[in-house]
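These notes concern the structure reproduced below.
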Amino acid sequence: GAGHARAKMAAGAAAEAQARFGHSVKGLLAEKVTSCGTDVIALTKQVLKGSRSAELLGQAARNMVMQEDAILHSED
C-alpha cells in the first residue's frame with residue numbers, strides 16, 4: 001500500500017543522495033589528484049634546477065682552480 005510506496009520513494013531519494021555524494025567525492029578526489037600532480041611537477045622542476053645549479057657551481061670551482069694554477073705558473 002501507501003507505506004510500500006513511501007519506502008520506495010525514500011530508498012530512491014537515499015540512492016540519489018548517495019550518487020550525488022559519490023559524484024562530489026569523485027570530483028574532490030580528481031581535484032586532489034590534479035593538484036598533487038601539479039605539485040610533483042613543480043617539485044621535480046625545482047630538484048632539476050637545484051642539481052643543475054650544483055653542476056654549474058662545481059664547474060665554476062674547477063675553472064677557478066685551473067685559473068689559479070695558471071696564475072701561479074705565470075708568476076714562475
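Taken together, the values in this text are just the output of simple stated rules run on the coordinates, not laboratory data. Note that this is a predicted model, so its numbers are computed, not measured. Note that each Cβ is placed from the backbone with ideal geometry, even for glycine, and that neighbours are counted across all protein chains shown.
Computed from backbone phi with θ = phi - 60° and the Karplus coefficients 6.51, -1.76 and 1.60, the 3J(HN,Hα) list for the stretch 2-9 is 5, x, 5, 5, 4, 4, 5, 5 Hz; x is used for glycine and proline. Given +1 at the Cβ of Lys and Arg, -1 at the Cβ of Asp and Glu and no other charges, the dipole of the chain around its Cα centre is 1200 debye to the nearest 20. Its Cα gyration tensor gives the chain an equivalent ellipsoid; the semi-axes, largest first and in whole Å, are 73, 5, 4. Along the stretch 56-61 the Karplus relation, 6.51 cos²θ - 1.76 cosθ + 1.60 evaluated at θ = phi - 60°, assigns HN-Hα couplings of 5, 4, x, 5, 4, 5 Hz to successive residues, with x for each Gly and Pro.
Of all aspartates and glutamates in the structure, the ones whose alpha carbon falls short of 16 Å from that of Lys26, not counting any fewer than 8 places away in one chain, are Glu16. Using θ = phi - 60° in the Karplus curve 6.51 cos²θ - 1.76 cosθ + 1.60, the 3J(HN,Hα) couplings for the stretch 19-35 round to 5, 4, 4, x, 5, 5, 5, 4, x, 5, 4, 4, 4, 4, 4, 4, 5 Hz; x is entered for Gly and Pro.
Straight-line cross-link partners of Lys45 among the lysines, defined as a Cα under 26 Å from its Cα and at least 8 positions apart when in the same chain: Lys32.
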